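Take a look at the structure below.
Bear in mind these aren't lab numbers, they're just calculated from the coordinates by the rules spelled out. Just so we're clear, the structure is a prediction, and the values are computed from it rather than from any experiment. Glycine gets a Cβ as well: all are built from the backbone with ideal geometry, and neighbour counts include every protein chain shown.
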Protein chains: 2
Amino acid sequence: MVREELSSKSISIVEVGPRDGFQNVRKEIPTGDKVKIIDLLSAAGLRSIEATSFTHPKWIPQLKDAAEVIRRITKPPGVVFSALIPNEKGLDRAIENGLEEVVFVVSASEALNRENFNKSTWESLAELSSIAEKARRNGVQLRGAIAASFGCPFEGSVSVERVIEVAEAFRNAGVSAVTLADTTGMAHPLQVKELLSVLLSQLSDLPIALHFHDTRRIGLVNVYSAWQAGAKIFESSIAGLGGCPYAPGAPGNVATESLVYMFHKMGVETGVNLDRLVECSQITQELVSDRRPDQGQG
Amino acid sequence: MVREELSSKSISIVEVGPRDGFQNVRKEIPTGDKVKIIDLLSAAGLRSIEATSFTHPKWIPQLKDAAEVIRRITKPPGVVFSALIPNEKGLDRAIENGLEEVVFVVSASEALNRENFNKSTWESLAELSSIAEKARRNGVQLRGAIAASFGCPFEGSVSVERVIEVAEAFRNAGVSAVTLADTTGMAHPLQVKELLSVLLSQLSDLPIALHFHDTRRIGLVNVYSAWQAGAKIFESSIAGLGGCPYAPGAPGNVATESLVYMFHKMGVETGVNLDRLVECSQITQELVSDRRPDQGQG
């Protein structure tokens with residue numbers, strides 16, 4: 001325990017609620033509400049916020065106001081705002097709108113990559129080099145994300161070798177970090193430990209982030225297991241938004257406030273003010289709730 | 001990982017929903033519904049069920065039908081039904097009703113013991129010897145439970161030494177196991193690891209069970225941490241009932257179905273049929289829900 005405590009005094013959080021959360025809320029969230037929530041997040045001490053996605057509105061209409069959100073949010077010094085991009089067009093829009101960081105997603109599963117992006121994993125990775133080059137020329141930081149890193153709803157299990165191949169492609173393209181995403185909440189703590197022990201030793205120069213969904217209520221156990229294995233960057237979502245657009249009340253991403261609570265109890269710093277974060281979570285739930293009292297939903 | 005997997009191929013679960021859950025549900029649950037839920041729990045493969053509490057109905061009116069519940073439930077061979085007892089009178093009623101196991105609770109915190117039982121921790125432990133003697137004479141198995149093992153809402157932190165003192169008193173009285181209860185959900189995984197590493201080495205002959213509340217959503221992380229430290233017995237509650245009588249929808253105990261899901265994913269056996277357990281959870285939620293559609297509660 002002493003060893004863990006000495007080597008793990010702080011972690012970093014990437015707040016993804018405004019992207020992964022908002023895109024899964026069925027009702028339209030007014031742009032002003034999105035801006036308000038993002039401002040509360042940065043005010044609570046979050047230093048990395050995935051604020052939106054530059055994806056064609058045909059695919060994700062919930063985030064069609066991406067440019068306006070980026071224009072209107074308060075940008076305190078030291079806070080990095082990023083956006084997800086599905087392709088080079090997304091990068092162009094991110095650059096136009098002055099973003100300093102983008103996230104490019106590739107799925108470790110062929111089937112999921114085709115479902116999401118209508119191309120193979122290797123076609124996506126082929127696009128990566130020109131995206132990386134353009135991002136560099138424009139001074140935009142690029143992060144990589146590997147969807148279905150712990151399993152795929154179509155293909156079932158995904159091999160460790162496959163995840164490492166994609167991670168290496170990202171590293172070779174010069175990304176600043178790679179996120180392992182448990183897109184549909186299939187990971188379990190021993191699997192997390194195993195994948196990270198291989199990845200952190202084989203790609204020790206590449207910062208690894210973890211993105212767990214809480215679909216089956218073990219998301220935070222996976223966070224803990226990843227932290228034990230040496231991970232220091234975690235993605236989470238305010239109020240646990242996200243991940244399950246068709247089941248109101250069902251768990252989405254790991255909730256940022258639960259993650260912060262756990263690490264603070266363990267003496268691990270996050271830089272976040274938990275009281276302000278809990279307040280932000282309550283306001284977020286009020287603003288984005290799918291549930292209307294007249295429906296009497298449980 | 002190989003070491004853990006080899007040494008931890010199975011765990012035992014004590015289902016406490018019918019006691020810790022039902023006593024925290026505000027509306028009166030008809031006895032027939034309680035019996036139905038308990039029968040579904042044993043049919044799903046649970047082999048140890050804390051079915052009720054023989055406490056004065058003035059204190060816990062929700063469980064005033066304890067004797068009738070015990071009389072009416074199906075008792076499949078191999079399933080042990082237990083009841084919580086706050087004192088010798090409770091033991092007498094348990095014996096009258098033919099129970100084979102009882103649980104006697106003492107709080108590691110003076111303040112909580114006085115609040116719950118109107119006596120000091122040592123007065124409770126003094127009662128223990130006559131309870132243990134009577135239980136033995138009547139062929140009733142006795143388990144001990146230590147409330148506030150990880151902190152007290154009145155006193156704050158509770159020392160490891162204090163928990164060990166109470167656990168030793170239980171062991172000397174000849175209990176079959178001791179449960180460390182995180183009564184108000186204050187535990188965190190590093191604390192769990194520390195307490196267990198001391199306890200399992202100093203009292204290596206005493207089976208230790210863990211009872212975590214999910215008040216702050218990290219209950220299952222504590223379960224995982226305890227399992228890593230060598231614990232093999234876990235208490236949990238169907239549908240996560242319990243722990244928070246005044247906040248409908250707020251988390252109670254660790255949910256049995258989440259715990260079983262996690263261990264099965266990890267390759268650890270529980271003897272429980274997860275599909276039947278999930279079905280039981282859904283029926284339980286319907287039968288005991290505090291929420292009524294006409295109130296439009298979220």
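Between B:Gln285 and B:Gln202, the distance separating the two model label sites (each 7 Å from Cα on the Cα→Cβ line) works out to 4.1 nm. Taking amide H as placed 1.01 Å from N in the peptide plane, A:Glu101 has its amide H under 5 Å from the amide H of A:Ala83, A:Gln141, each at least 5 places away in sequence or on another chain. Using a cutoff of 8 angstrom between alpha carbon atoms and counting only pairs six or more residues apart, the relative contact order for region B:54-142 works out to 26 percent. Remark: region A:182-196, residue by residue, has Karplus-estimated 3J(HN,Hα) of 9, 4, 10, x, 9, 5, 10, x, 6, 5, 4, 4, 5, 4, 5 Hz, where x stands for each Gly or Pro and the curve is 6.51 cos²θ - 1.76 cosθ + 1.60 at θ = phi - 60°.
From helices alone, chain B scores -12500 deg cm²/dmol at 222 nm; the rule is -39500 (n - 2.57) for each run of n ≥ 4 DSSP H residues, then divide by the residue total. Rounded, prolate or oblate: which one fits region B:25-64, using the alpha carbon gyration tensor with axes a ≥ b ≥ c (rounded when a/c is under 1.5, else prolate when a/b beats b/c, else oblate)? Oblate, since a/c reaches 1.5 and b/c is not below a/b.
Residues in region A:84-97 carry Karplus couplings, in order, of 7, 10, x, 6, 5, 4, x, 4, 4, 5, 4, 5, 3, 8 Hz; the curve used is 6.51 cos²θ - 1.76 cosθ + 1.60 with θ = phi - 60°, and Gly or Pro positions show x.
In nanometers and ordered shortest first, the copy-to-copy spacing of the B:Arg72 label point, defined 7 Å from Cα toward Cβ, is 5.7. Among B:Ser289, A:Ser157, the ranking by other beta carbons within 10 Å of each residue's beta carbon, starting with the fewest, stands as A:Ser157, B:Ser289.
For a 23 Å ceiling on Cα separation, which of these pairs sit above it: A:Lys36/A:Lys58; B:Lys27/B:Lys64; A:Lys9/A:Lys193; A:Lys232/B:Lys193; A:Lys64/A:Lys232; A:Lys193/B:Lys9? Cα-Cα > 23 Å for A:Lys36/A:Lys58; A:Lys64/A:Lys232; rest within. Quick one: work out the % antiparallel among DSSP beta bridges in the protein assembly as shown, nearest 5. Percentage antiparallel, nearest 5: 5. Distance between the modelled labels on A:Glu28 and B:Lys58, one decimal in nanometres: 6.2 nm (7 Å Cα→Cβ projection). Relative contact order of chain B: 21 percent, from C-alpha pairs under 8 Å at least 6 residues apart in sequence. Annotation: aspartates and glutamates with alpha-carbon distance below 19 angstrom to A:Lys265 (same-chain offsets under eight excluded): A:Glu4, A:Glu5, A:Glu235, A:Glu257, A:Asp275, A:Glu279, B:Glu155, B:Asp182, B:Glu194, B:Asp214. Plainly put, the tip 7 Å out from Cα toward Cβ on A:Arg26 is 2.7 nm from that tip on each other copy, the closest given first.
Take every pair of alpha-carbon atoms less than 8 Å apart whose residues are at least six positions apart; their mean separation over the length of region B:1-116 yields a relative contact order of 23 percent. Across region A:100-204, Cα-Cα distances exceeding 18 Å account for 45% of all pairs. Summarising the amide proton neighbourhood of A:Val80: residues at separation of 5 or more, or on other chains, whose placed amide H is nearer than 5 Å comprise A:Ser48, A:Ile49. Using the Cα coordinates of region B:1-135, the gyration tensor eigenvalues translate into equivalent-ellipsoid semi-axes of 25, 22, 15 Å, sorted from longest to shortest. Between A:Arg276 and B:Ser159, the C-beta separation translates, for a Förster distance of 25 Å, into a calculated FRET efficiency of about 0.20.
Counting, for every residue in A:216-227, the Cβ atoms of other protein chains within 10 Å of its Cβ and taking the mean gives 6. Over all directions, the projected convex hull of the C-alpha atoms in the protein assembly as shown averages 26.2 nm² in area. Sorted fewest first by neighbouring Cβ atoms within 10 angstrom, A:Thr52, B:Thr184, A:Thr74, B:Thr284 come out as A:Thr74, B:Thr184, B:Thr284, A:Thr52. With its label point defined 7 Å out from Cα along the Cα-to-Cβ axis, B:Gln141 lies at 5.6 nm from the matching points of the other copies, in increasing order.
Around the Cα centre of region A:97-235, unit charges on the Cβ atoms of Lys, Arg, Asp and Glu (plus for the first two, minus for the last two) sum to a dipole of about 200 debye. A Cβ-based charge dipole, computed about the Cα centre of region B:30-114 with Lys and Arg at +1 and Asp and Glu at -1, lands at about 200 debye. Charged side chains reduced to their Cβ positions (Lys and Arg at +1, Asp and Glu at -1) give chain B a dipole of some 300 debye around its Cα centre.
Starting from the Cα gyration tensor of region A:2-295, take the square roots of the eigenvalues, sort them a ≥ b ≥ c, and report rounded, prolate or oblate (rounded when a/c is under 1.5, otherwise prolate if a/b is larger than b/c, else oblate). Here region A:2-295 falls in the rounded category. Remark: region A:200-209, residue by residue, has Karplus-estimated 3J(HN,Hα) of 5, 8, 7, 10, 5, 8, 9, x, 10, 10 Hz, where x stands for each Gly or Pro and the curve is 6.51 cos²θ - 1.76 cosθ + 1.60 at θ = phi - 60°.
Taking a ≥ b ≥ c as the square roots of the eigenvalues of the Cα gyration tensor, region B:29-94 is classed as oblate, since a/c reaches at least 1.5 and a/b does not exceed b/c. Footprinting exposure proxy ranking of A:Ile29, B:Ile218, fewest other C-beta atoms within 10 angstrom first, gives A:Ile29, B:Ile218.
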